[in-house]
Structure formats: C-alpha cells, structure tokens
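Inspection log for the structure reproduced underneath, given as structure tokens.
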Amino acid sequence: MKKTIEDTMEVIGFNTVKPINKTTRLLLVDDDLLIEIVIRKMLKEENILIDFASSAIEALLMVSQNIYDIILMDIVMPQFTGTDAMLKIRKHADASATKIIAHTFSENENSNNKYIKLGFNGLLLKPVKQSLLIENIRSFLKWLIAIVGWLTVYYLLLTKNYLIRIISSN
C-alpha cells in the first residue's frame, strides 16, 4: 500500500487547529529537508516566520544575526549535535529568552526530563502531530505575551508619572 503526503498529513492531524495570533519567529534546525517541508506545511496557516538551518553551525550563524522566539532543534546532526548547538546558543546574550525545543526520536519515556536537564525548554518527538506542535508553540509563547504586557503597563505608568511631573512643575 503506497502512502501519499495526504495520508501522512491525516495521520499527524494536519489542519485541525486554529491559527496563532502573534507573529512568531521560529528557527527550524534539522539536517533532513523533508522535516522542513512537513513543518512548513503544518505551520502554513499560522502567523509564524520560519527560517531553516540544515546544520548546527548554520543555526549558530543565524542566531547571531536574528532574534527568534522559538528554536526547534534536531538532536542528531553532522558536525556537532543539537545539544552542543543549544548550549552555545544559551551563551549568546540575545538568545537567552529564546525557547529551544529538542526535536528527535525518543530513546525512552524519560527523554523529556533528560533534555530539560540539559537546558532545553521541552521535547517534541518525531514524527510530531500538527496539533501538538502548535500547542507547544502556543504554550512557549504565553510567557512572552505576558512579559510584553507587563512591560507595556510599566512603560505607560512611567510615561504617566513623567507627564504628571511635567504638568505639575508648570
């Protein structure tokens, strides 16, 4: 029985969730171009700008030139591993707030804890279902939206206090 792309998309739950509202910057790092095609198709209806790196070295270069909300990092790659790349990215000051999700085949059921202890924010197992991918992205973005909201309120309060002082001094 020959499987088509449509069959595969049905198995992974393609197109069963509503789009994300905020524009999100995602870096997909994987040496398998098929993964890029599938992830791009899964996130096509979302408000996500996706950059792709086919190696950990390319990912490091891209992180040095861009700010990403989320990095979806393959673990097993040529040259050096996704874990090595994550550790180097974590040292990069501008990427300290970036959520990095390990994306690999699991060795055992405790893999999530293993990757979190290493410094990843989570784990998505291959092949990932569309709904699970989007749910994880939304979960990791909640903290960012909350921080932006608090910073906006703080800025408005500072501005209001500054304007009151100016008006009071006149």
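Annotations
- Residues whose amide H falls under 5 Å from that of residue 53, counting only those 5 or more places apart or on a different chain, are 28, 29, 30, with hydrogens built in the peptide plane.
- Packing-based ranking of 68-75, 112-119, 128-135 yields 68-75, 128-135, 112-119, ordered from highest to lowest mean Cβ neighbour count within 10 Å.
- Placing a pseudo-label 7 Å from each Cα along the Cα-to-Cβ vector at residue 40 and residue 152 gives an inter-label distance of 3.2 nm.
- Full-stretch length increase - residue 62, residue 111 - with 0.36 nm per residue and alpha-carbon distance subtracted: 14.9 nm
- Gain upon complete extension [residue 25, residue 142; 0.36 nm per residue less C-alpha separation]: 40.7 nm
- Peptides ranked, highest mean first, by Cβ atoms within 10 Å: ranges 37-43, 97-103: 97-103, 37-43
Since every read-out is calculated from the coordinates, none of them should be taken as a lab result. No experiment lies behind these values; they were computed from the predicted model shown. Cβ: placed from backbone, ideal geometry, glycine included. Neighbour counts: every protein chain shown.
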